[in-house]
Each structure stands twice: as structure tokens, then as C-alpha cells.
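Comments concern the structure below.
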Amino acid sequence: MKKPILLLCLLAVLSFSPGCDKQDGIREDAQPKELKHKGFPYSFSSGYHALGRVFAHMPPEVLFSAGRDPHFTQGQQGWTFSGGGGNGSEPVIPDLPTGCLISQLGYPMAGDYGWAFNYSGSYRLESITIYEDDFVADIIFSHGPGGRITGYEIWEEGEKFIQMTYTYDGNGRVISAREEVSGGEVYNYSHQYNPSGQLIRISTDAYGIEIEYTYSGDNVVKEVSTSSLVSEPIITIYRQFDNAYNFLRPLNVPQPFYDSFLAAWMLSRNNIVEETEIYYGGDTYYTDYYYTYNSEGYPSFFGSSEEDTGPIEYINCSK
């Protein structure tokens with residue numbers, strides 16, 4: 001299934017929208033991205049592990065030559081989600097409200113699509129329950145000193161599919177991660193930061209895959225996934241943003257989380273409004289996202305050029 005790419009011009013309904021930029025003509029030949037359903041922009045169908053979406057768009061002959069069945073990587077392992085955020089050492093934005101933790105995205109209930117975010121009494125993120133029609137999965141977090149997230153597990157119907165473990169340095173930054181997938185596969189990740197403390201590269205031991213992030217201010221405006229096995233990028237994504245508070249960044253979940261594509265949503269200060277994706281071979285797609293906002297300056301409704309995701313609800317909102 002072909003996946004969307006980076007955002008086009010935001011709809012006029014978005015009051016926080018910046019100016020529209022055609023990104024050097026990239027979008028002129030792009031096709032609108034076909035979303036699978038009204039859930040979060042990325043479906044669960046590209047594999048349980050964080051690299052599932054990158055694997056799904058690598059040339060099949062490359063995966064075959066590396067001893068991997070491309071059909072297996074494109075869905076039979078389960079689902080993927082790409083949202084998480086924070087790099088472990090990221091300081092709180094000075095003017096960020098001292099609360100507004102997301103509690104619900106979409107319609108988290110059996111037979112519908114959405115996420116439910118569950119917290120302890122001290123507002124520590126304990127788990128996320130994800131609903132996609134009849135599919136339900138739980139992401140359960142583990143914590144270390146100071147309450148920082150040290151890893152997570154993904155469970156579906158009593159079976160564990162993923163175990164992710166993060167390692168921090170003395171500055172509180174995640175410097176490596178280890179992902180164990182049901183079936184025996186193991187993926188190791190290493191992290192690189194710029195002098196400002198922003199995550200700029202995640203390298204893996206899987207087919208020489210690297211994911212590189214380029215920032216404009218505090219937003220990830222370009223993301224490139226490459227492999228040492230091929231000469232051109234697997235996926236290149238360009239993004240534009242609004243000027244409102246990001247509804248996922250306050251979670252401060254380390255990367256990679258669930259699906260590598262969620263990193264930009266959670267590392268960035270603001271919310272993505274345009275996305276243009278270019279895949280290996282040249283296929284190009286775009287998606288526009290739009291929001292309405294609450295009095296605290298966070299999105300209260302989330303939709304795309306294809307369909308609506310639904311309301312966004314929060315707890316502990318205060319300036």
C-alpha cells in the first residue's frame with residue numbers, strides 16, 4: 001500500500017498556518033495520500049517494530065539479497081505507530097503551559113479508531129491503548145529515576161510483540177536503544193545530537209539504515225531514511241508547521257517509539273500541517289492536516305485532507 005508524503009498548503013481554516021511554500025516544486029507532481037482509515041495518519045499495518053515502515057519501502061530485491069522476505073516485513077508482523085517524542089534531555093519550552101497532557105485522540109473505543117493515554121496520579125505516562133476497529137493494542141511504559149521512560153512493551157491479546165529498552169548518558173539523553181521483536185529479531189539503535197541538544201540522526205544495525213532529521217528552529221522540516229544497501233534514499237519527507245503547541249511533544253517519549261515516523265510529530269515544537277513524502281523509485285505523495293484549537297493554544301480537533309481523525313482531549317491544563 002502506498003503511503004502519503006509531506007504536507008501541502010494548509011486549509012484556510014487553520015488560523016495558525018504559516019505561509020504556503022511549494023518546497024521548490026516538489027509537490028507539483030505529488031498525489032494526495034490515501035489514508036487507510038480515520039485514525040492517526042499512519043496505520044498499524046507496516047510491522048510491529050519501529051523500522052517497519054522503512055522496510056516496507058525498501059526494494060524487494062535488496063531485502064531478498066539480505067535474507068529477508070519482503071512480504072513478511074510489509075505486514076505480517078503486525079502494526080506500527082510512529083508517535084513518541086523527546087530526546088531524553090530536551091528542556092521544557094519556557095512558554096509551554098505547565099500541563100495539557102493529551103488524554104484522548106480520536107475515538108478510542110472498540111469498533112472505532114483512536115488512542116487513549118493513561119497516567120498515574122502524578123501525571124506519569126503509564127500506557128497508551130490503541131484502537132483500530134476490532135484491533136486493540138497496549139503500549140506499556142517502564143520508568144527509571146526521576147520518572148523518565150526507560151522502555152516500553154507492546155501487547156495485543158495477551159501476547160507481547162515488542163520490548164524496547166533505552167540507555168541514557170550522564171546528560172539525560174538517550175544514546176542507544178535495543179528493540180526485541182517477537183520471533184527473535186533484535187534491532188539496535190544509536191543516537192546523535194547537535195550542539196543544541198536536538199536529535200539529528202538515528203543509526204541502526206539493520207541493513208545500514210539511518211534516519212536523519214533537519215530542523216528549522218524547533219521543528220523537523222526534513223526527514224531522510226537511507227540504507228547502505230541502496231544508492232538513493234528510501235524515504236524523504238518534507239514538512240511544514242503551524243505556530244501552536246504540539247499535542248504530542250509534552251509526553252517526552254524517547255525515540256525511536258512505535259513507528260519511526262512518529263519522531264517528527266514528537267520532536268517538534270509545533271504541529272505538522274503539510275507533509276510531502278518521496279519514496280524510493282520516485283513516487284511522491286502529500287497530506288494536509290488541519291486543526292481547531294482550545295483556549296490553551298493546543299489542537300482540540302485533528303483532521304487531514306483525506307478524512308477526520310476526531311477530537312483531542314487533555315488533562316491537567318493550566319498556564
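What tally of residues in the stretch 154-188 results from selecting those that are farther than 30 Å from Phe135 by Cβ and in a loop (DSSP other than H, G, I, E, B)?
Looking only at that region, the number is 5.
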Subject >> Tabulated pairs, the stretch 142-165, first on the phi > 0 side of the Ramachandran plot, second open to solvent by 30 Å² or more (accessible area, probe 1.4 Å) and among the charged types (D, E, K, R), C-beta under 8 angstrom, 6+ apart or interchain >> reply: Gly147/Arg124
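Name the residue, out of Leu199, Leu229, that is in contact (Cβ under 8 Å) with a residue 60 or more places away in the chain and more than 21 Å from Asp169 (Cα to Cα).
Numbers: Leu199 fails: more than 21 Å from Asp169 (Cα to Cα).
Being in contact (Cβ under 8 Å) with a residue 60 or more places away in the chain and more than 21 Å from Asp169 (Cα to Cα) holds for just one of Leu199, Leu229, which is Leu229.
Among the residues in the stretch 156-166, are any closer than 16 Å to Phe257 by Cβ and surrounded by fewer than 17 Cβ atoms within 10 Å (Cβ to Cβ)? Talk me through it step by step, then tell me what you get.
Taking the stretch 156-166 first, the residues closer than 16 Å to Phe257 by Cβ are 161-166.
Right, trim to surrounded by fewer than 17 Cβ atoms within 10 Å (Cβ to Cβ) and you get 163, 165.
Within the stretch 156-166, one or more residues are closer than 16 Å to Phe257 by Cβ and surrounded by fewer than 17 Cβ atoms within 10 Å (Cβ to Cβ).
The values are calculated or read from the model by the stated rules, or taken from the named source; none is laboratory data. Just so it is clear, the model here is predicted, and its values are computed rather than measured. Backbone-built Cβ (ideal geometry, glycine too); neighbour counts: all protein chains shown. Just so you know, the surface numbers come from the protein's heavy atoms only, side chains and all, with ligands and any DNA or RNA stripped out. Shrake-Rupley method; radii C 1.70, N 1.55, O 1.52, S 1.80 Å.
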